[in-house]
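The values are calculated or read from the model by the stated rules, or taken from the named source; none is laboratory data. Since the model is a prediction, treat every value here as computed from it, not as a measurement. Please note: Cβ atoms are built from the backbone with ideal geometry, for glycine as well, and neighbour counts cover all protein chains shown.
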Amino acid sequence: MKRIFILIAFLVAMSAQAQTVKVAAAANLRFVFDEIKASYAIANPKVTISATFGSSGALLQQILNGAEFDIFMAADNSFPVKLKDQGATSGEIKTYALGKLVLWSNTIDLAKGLEMLTDPSVKRIAIAKPDLAPYGDRAIECLKAAGLYDKVKNKIIYADNISQTAQFAQTGNAEVAFLAMSLTLTPEMKGSVYLIDPKLYKPVEQAMVLVKSWKVNPEAAKFMKFVLSEDCKSIFEKNGYIVP
């Protein structure tokens, strides 16, 4: 009889666990993700969506080191590909949105665009670490394409992820930051925004994939399908993304 109770308790625990979807999400998704969760909860009130935000490179390493996630929502398709190459994914890699790169400042008028970065008033430029964060990689690519990198490289300070990059500019540790547009649309990010010409950098093709695990979580596949659905298209678009 005791064994039966133990088995029942185990099955109940597993059932409860299956109602939680753990997502490793790129830092630029911090605000849009809340809206996606709220929309999903309307039809799925018993499912908990738990997100851990960080740079795509750091999240990739966490997954490869055994961190338990069901879904990897990266800021670039190269990171899910790296995860797939390690045999740690299940199913296909799917692009869910294309990101937009912008300049942002709460102290300087950026109407002149990239050329403003050479102005003496700009002493520090915040950029996410290129090897960890796709938006940081695209920022460096953009500066080189515009012929400005050598002129401003000594002004650059690097952040661990795109959220920290925004914090540097918000708090005065940098006058200007290269950010994902999605992070500049929140009330607390009032300031000057300059949209970077997308011809200056390769597309920020944000992609997601299911993480292979010893257990199958059908709720993860359902949530991924929802993120890729028409229901989420308008959510992404109003938060500064392009939906392919």
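Here are a few things to note about the model shown:
- From the list V243, V211, V227, the one residue that fits, being under 18 Å from V81 (Cα atoms) and in contact (Cβ under 8 Å) with a residue 24 or more places away in the chain, is V211.
- A single entry from K225, K155 fulfils the requirement of being surrounded by fewer than 16 Cβ atoms within 10 Å (Cβ to Cβ) and not aliphatic (A, V, I, L, M): K225.
- Enumeration of residues in segment 19-55 that are touching a residue at least 12 places away in the same chain (Cβ under 8 Å) and assigned to a helix (DSSP H, G or I): A27, N28, L29, R30, F31, V32, F33, E35, I36, K37, S39, Y40
- The set of residues from segment 174-226 being among the polar types (S, T, N, Q), over 21 Å from N77 (Cα atoms) and outside any helix (DSSP H, G or I) comprises T186, S192, N217.
- Residue match in segment 162-170 (condition: within 28 Å of P45 (Cβ to Cβ) and surrounded by fewer than 17 Cβ atoms within 10 Å (Cβ to Cβ)): no
- Looking only at segment 205-222, and only at residues there that are modelled with pLDDT of 95 or more and among the charged types (D, E, K, R), the one that is surrounded by the most Cβ atoms within 10 Å (Cβ to Cβ): E219
- Among the residues of segment 205-221, not a single one is in contact with a Ser or Thr (Cβ under 7 Å, 6 or more places away or on another chain) and farther than 20 Å from A26 by Cβ.
- Summed over segment 121-155, residues that are within 19 Å of A75 (Cβ to Cβ) and either among the hydrophobic types (A, V, I, L, M, F, W, C) or assigned by TED's automatic domain parsing to the domain that holds T52 (or both) total 9.
- Qualifying residues in segment 18-59 (those that are crowded, with 19+ Cβ neighbours inside 10 Å and of a type in the set (S, T, N, Q)) - the one nearest to F178 (Cα to Cα): N28
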